[in-house]
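The values are calculated or read from the model by the stated rules, or taken from the named source; none is laboratory data. A quick note: this is a predicted structure, and the numbers were derived from the prediction, not measured. For neighbour counting, all protein chains shown are included, and Cβ atoms are generated from backbone atoms with ideal geometry for every residue, glycine included. Ligands, DNA and RNA are stripped out before the accessible areas are found, and what is left, the full protein with its side chains, is counted by its heavy atoms. Shrake-Rupley method; radii C 1.70, N 1.55, O 1.52, S 1.80 Å.
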Amino acid sequence: SYLSEGYSSQKKAAELMNTSVRTLTRRLATCGVTYRTLIDDLRFETAKEHLLKSDKRIGDIAVSVGFKHQADFTRMFKRVGGLSPKEYRNSV
């Protein structure tokens, strides 16, 4: 529910879960994931849903998953998924 507010710090996430940053980091590590990877994957999956199920502009989708700039969103999407948001939308 905090995605549209931008990149939520690990400290804020730990506070919301009533734990320390160190404990959160250790728990994520036991699952083989980092906080950044977790957030990127969440943003990516949410963006994919928007790209598939709506005709929203890519810039609007970027904002809805917490990016101020579409270019930053496109770089993250391509890094995680291998395609730009436009390429992904056109391929499906």
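A few notes on this one:
- Total residues in segment 16-35, condition part of a helix (DSSP H, G or I) and under 26 Å from residue 62 (Cα atoms): 3
- Against the list (1) surrounded by 12 or more Cβ atoms within 10 Å (Cβ to Cβ); (2) at pLDDT 95 or above; (3) assigned to a loop (DSSP other than H, G, I, E, B), the condition residue 8 fails is (2).
- Some residue of segment 12-22 being within 25 Å of residue 72 (Cα to Cα) and of a type outside the set (Gly, Ala, Ser): yes
- All positions within segment 69-92 that are open to solvent by 70 Å² or more (accessible area, probe 1.4 Å) and part of a helix (DSSP H, G or I): 70, 75, 78, 79, 86, 87, 90, 91
- Residue in segment 53-68 that is open to solvent by 90 Å² or more (accessible area, probe 1.4 Å) and part of a helix (DSSP H, G or I) present: yes
- Positions within segment 11-50 being among the charged types (D, E, K, R), modelled with pLDDT under 95 and open to solvent by less than 50 Å² (accessible area, probe 1.4 Å), in sequence order: 40, 43
- Among the residues of segment 72-85, some residue qualifies, meaning at least one is of a type in the set (Phe, Trp, Tyr) and under 14 Å from the mean Cα position of the chain (by Cα).
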